[in-house]
Amino acid sequence: DAGVIQSPRHEVTEMGQEVTLRCKPISGHDYLFWYRQTMMRGLELLIYFNNNVPIDDSGMPEDRFSAKMPNASFSTLKIQPSEPRDSAVYFCASSPRQGAGETQYFGPGTRLLVL
Amino acid sequence: QKEVEQDPGPLSVPEGAIVSLNCTYSNSAFQYFMWYRQYSRKGPELLMYTYSSGNKEDGRFTAQVDKSSKYISLFIRDSQPSDSATYLCAMSGNTGRRALTFGSGTRLQVQP
């Protein structure tokens, strides 16, 4: 199994530009999570999906952020317009239906730098 | 105040030392307690999890949960340079909500 796949691995963009991060979860996993990690705030949950349906988006910082999961094998996190304070590592994770969500498999992350 | 507090370190120990990592939490609804390990420039990976109170051992690693004190610990025996990483505690309730609440992570450096 290839694990959770994220692209791009690195993104450098200028303030005001649109940024799209992509994620392919592990096949067969029902849950998909988007996290953001910074030195100041640690690892924060942004949103999670169950069977492609958004369940909890309370962590999405503001309307500039949006996430979609059009099918079981693909999700996007979009920032429009981007700001320097959005610079962080964005992780996607997935987990199977079994259990209580304790086992989440993380992707390698996308390092975003907004200039 | 954060729901989960964790000393960021860094913690530097010699090879072979016993390492103790800790987290405190405020939400009494938490029932599942996890430790994730994150190597530099990688995503976190699950190391151990415990349901409710008690101890759990896996090789050189022991996880302890004291719900009365809202305190969890991870012990690493015979620490190795390969254990050098950031260790994040994580917790969730028994409410069907799958989201995890993470501590900020403790950076551990094991010196050879």
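The values are calculated or read from the model by the stated rules, or taken from the named source; none is laboratory data. Computed from a predicted structure; not experimentally measured. Backbone-built Cβ (ideal geometry, glycine too); neighbour counts: all protein chains shown. These area figures cover heavy atoms from the full protein model, side chains too; ligands, DNA and RNA do not enter into them. Shrake-Rupley method; radii C 1.70, N 1.55, O 1.52, S 1.80 Å.
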Original post:
Restricting attention to segment B:1-51, which residues are among the basic types (Lys, Arg) and either under 12 Å from B:Met91 (Cα atoms) or in contact with a Ser or Thr (Cβ under 9 Å, 6 or more places away or on another chain) (or both)?
Top reply: B:Lys2, B:Arg37
**OP:** Report, by residue number, each residue of segment A:88-107 that is over 11 Å from the mean Cα position of the chain (by Cα) and touching a residue at least 40 places away in the same chain (Cβ under 8 Å).
**Re:** A:Ala88, A:Ser95, A:Pro96, A:Arg97, A:Gly101, A:Gln104, A:Tyr105
Subject >> strands (runs of 3 or more DSSP E) lying entirely in segment B:12-84 (those with 3 or more residues that are open to solvent by less than 40 Å² (accessible area, probe 1.4 Å) and in contact with a strand residue (DSSP E or B) (Cβ under 7 Å, 6 or more places away or on another chain)) >> reply: B:19-25, B:30-38, B:45-51, B:61-66, B:71-76
Original post:
Can you name the strands (runs of 3 or more DSSP E) wholly within segment A:52-115 that have at least 1 residues being more than 15 Å from A:Gln6 (Cβ to Cβ) and at the interface with another protein chain (Cβ under 10 Å from one of its Cβ atoms)?
Top reply: A:53-56, A:88-95
**OP:** Look through segment B:86-99, keep the residues that are open to solvent by 10 Å² or more (accessible area, probe 1.4 Å) and in contact with a strand residue (DSSP E or B) (Cβ under 8 Å, 6 or more places away or on another chain), and return whichever of them is nearest to the other protein chains (Cβ to nearest Cβ).
**Re:** B:Arg98
Original post:
Is it the case that segment A:29-49 has a residue that's more than 30 Å from B:Thr106 (Cβ to Cβ), of a type outside the set (Phe, Trp, Tyr), in contact with a strand residue (DSSP E or B) (Cβ under 7 Å, 6 or more places away or on another chain) and not in a loop (DSSP other than H, G, I, E, B)?
Top reply: no
Subject >> Residue list for segment A:1-19, restricted to those being open to solvent by 30 Å² or more (accessible area, probe 1.4 Å) and either in a strand (DSSP E or B) or touching a Pro at 6+ places or on another chain (Cβ under 8 Å) (or both) >> reply: A:Ile5, A:Ser7, A:Arg9, A:His10, A:Glu11, A:Val12, A:Met15, A:Gly16, A:Gln17, A:Glu18
Original post:
What tally of residues in segment A:45-87 results from selecting those that are open to solvent by 20 Å² or more (accessible area, probe 1.4 Å), in contact (Cβ under 8 Å) with a residue 12 or more places away in the chain and of a type in the set (Gly, Ala, Ser)?
Top reply: 6
